[in-house]
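Quick notes on the structure that follows.
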Amino acid sequence: MPRKICAAAIVTAIGLTGEAWAGTISPDSVEFEDGAIAASLTGVAGNAETGRKVFANRKQGNCLACHQNEDLRAEPFHGEVGPMMDGVADRWTEAELRGIVVNSKMTFDGTIMPSFYRTTNGARPLEKFEGKTILTAEQVEDVVAYLLTLKD
Amino acid sequence: MRQLFAIAAAAGFIAASAQAGPGPDEDQLEIDGLKIVTEVKAPDDHPLDVIYSGWRFRTDETQSLQMDDFENPAMVAVEYGIELWDTPAGTSNKSCADCHGDVEDMAGLKAITPKWDEAAGAPLTLEDLVNRSIKEHQGGEGWKWESAEMLAMTALIGMQSRGMPVNVQSDGPMADWVEKGKDLYYTRVGQLDMSCANCHEDNNGQYIRADHLSQGNTNGFPTYRFKWQGLGSLHRRFSGCMKNIRAQPFKRGSDEFTALEIYLATRGAGLGVESPSVRN
């Protein structure tokens, strides 16, 4: 267990500096097939429990800004810009969900949904976010693992 | 996959598509007997069907504060504006009132600014006009964009146009500025990669987290915001919206923000001036 935490911390740190890490697929070398991404970005499965937190956290996924989600009813203020997350794992495969979170535009042309693992986003990024992804590879995998628990 | 999505949509999972939110309410704005237009049928070439003031998207509590000048928290600043209007200053040692008379003579100005200025060869915002007069006529240094003085004065002058329809020139030399503002409005910016249109055109009426999205109209500025605990300029609001999507805002008073202000004013033409409005 301690070793796992340690490894996680390293990946997070690397992710934040935007550098490639052996075993982690960098934002520029992600491969899509029809909007989906087959392989885990980190090479391992994510942690659904952490993913649940990333989903709600305003400074991380902030997915609740746009998506209602019954599983997180206790959290205040669910937005309604995007579809409900209930049962999302029945509608999409793991690879498709990963693709949507990494780069939503590959699945939904022109969508308002941010691309969470991409370094080239809109013009004029605030300096401290320039060239950086919104989520780290590990956080993406955690969110994907969490989404996979949302079945009807 | 597309198909799956379509099926999900058909099954009603996509409960919250662009039209499903609570939208604007039916309330009507009247301040001390003065009716203010908060809803205008949009012209045919407009991206929206009906143009609504941001007031229509606020809660009843917030709305009511703007319906009574005794409750409107912006009125403290307006009082300060009156004081400034009557105070001699600068090398001329004259007050605004000495040259302009009653501030009521400024009625109509807010509704048509930014306005084209031949001498400057550019459109001038209300802030620009105030500062030019202070520098050229009063003999002072001018006020910072977001200073208490500038906010008080633009609130006071803006208030003289309350209820008048927003009517900023969009043709002639202003046409290029409208275009430039429109480009900015539809350009995706920031790490979150969104344009103004993504929120205010495509999703107005919806909640985004705790915020009820309006059409982002400009007729209420300067605005008293609870979040700011005071008045703020329109360019401050632009700046906040850009930072929220992790974009580097343009500077207050920059050509970019002036162009956006002009474009938004033409988009919201016909709405009644509400300055100083109250928002959360």
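What to note about this one:
- Condition check for A:E138: free of Cβ contacts under 8 Å to residues at least 24 places away in the same chain, of a type outside the set (G, A, S) and open to solvent by 10 Å² or more (accessible area, probe 1.4 Å): no
- The set of residues in the range B:196-212 that are more than 8 Å from chain A (Cβ to nearest Cβ), in a loop (DSSP other than H, G, I, E, B) and buried (at least 19 other Cβ atoms within 10 Å of the Cβ) comprises B:N204, B:G205.
- Residue match in the range B:163-176 (condition: part of a loop (DSSP other than H, G, I, E, B), among the hydrophobic types (A, V, I, L, M, F, W, C) and under 29 Å from A:K132 (Cα atoms)): no
- A:A36 vs. criteria within 12 Å of another protein chain (Cβ to nearest Cβ), among the small types (G, A, S), under 25 Å from B:G190 (Cα atoms) and touching a helix residue (DSSP H, G or I) at 6+ places or on another chain (Cβ under 6 Å): yes
Condition check ((1) in contact with a strand residue (DSSP E or B) (Cβ under 7 Å, 6 or more places away or on another chain); (2) assigned to a helix (DSSP H, G or I); (3) surrounded by 14 or more Cβ atoms within 10 Å (Cβ to Cβ)) across all residues:
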site: B:N72; (1), (2), (3): yes, no, yes
site: B:V78; (1), (2), (3): no, yes, yes
site: B:C99; (1), (2), (3): no, yes, no
site: B:S133; (1), (2), (3): no, yes, yes
site: B:G142; (1), (2), (3): no, no, yes
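- Residue-level check: of (1) under 14 Å from the mean Cα position of the chain (by Cα); (2) farther than 19 Å from A:R118 by Cα; (3) basic (K, R), A:R73 misses just (1).
- If only residues of the range A:58-91 that are at the interface with chain B (Cβ under 9 Å from one of its Cβ atoms) and not in a loop (DSSP other than H, G, I, E, B) are counted, the one that is surrounded by the fewest Cβ atoms within 10 Å (Cβ to Cβ) is A:D90.
- Single unsatisfied condition, A:A145 versus (1) touching a Leu at 6+ places or on another chain (Cβ under 7 Å); (2) of a type in the set (G, A, S); (3) away from chain B (no Cβ under 11 Å): (1)
- Qualifying residue in the range B:224-238 (condition: within 14 Å of chain A (Cβ to nearest Cβ) and closer than 23 Å to B:A77 by Cα): yes
- Among (1) closer than 26 Å to B:I208 by Cα; (2) touching a Ser or Thr at 6+ places or on another chain (Cβ under 6 Å); (3) surrounded by fewer than 16 Cβ atoms within 10 Å (Cβ to Cβ), the one test that B:P47 misses: (2)
- Any hit, the range A:93-115, residues being over 26 Å from B:I245 (Cα atoms) and open to solvent by 30 Å² or more (accessible area, probe 1.4 Å): yes
- Selection status of B:R246, within 11 Å of chain A (Cβ to nearest Cβ), open to solvent by 30 Å² or more (accessible area, probe 1.4 Å) and on the phi > 0 side of the Ramachandran plot: yes
- Selection from the range A:92-127 of residues that are among the small types (G, A, S) and within 7 Å of chain B (Cβ to nearest Cβ): A:S115, A:G122, A:A123
The values are calculated or read from the model by the stated rules, or taken from the named source; none is laboratory data. All values reported here derive from a predicted model rather than from experimental measurement. Heads up, the Cβs are rebuilt from the backbone with ideal geometry, glycines too, and the neighbour counts pull from every protein chain shown. The accessibility values were calculated without ligands, DNA or RNA, using every heavy atom of the protein model including side chains. Shrake-Rupley method; radii C 1.70, N 1.55, O 1.52, S 1.80 Å.
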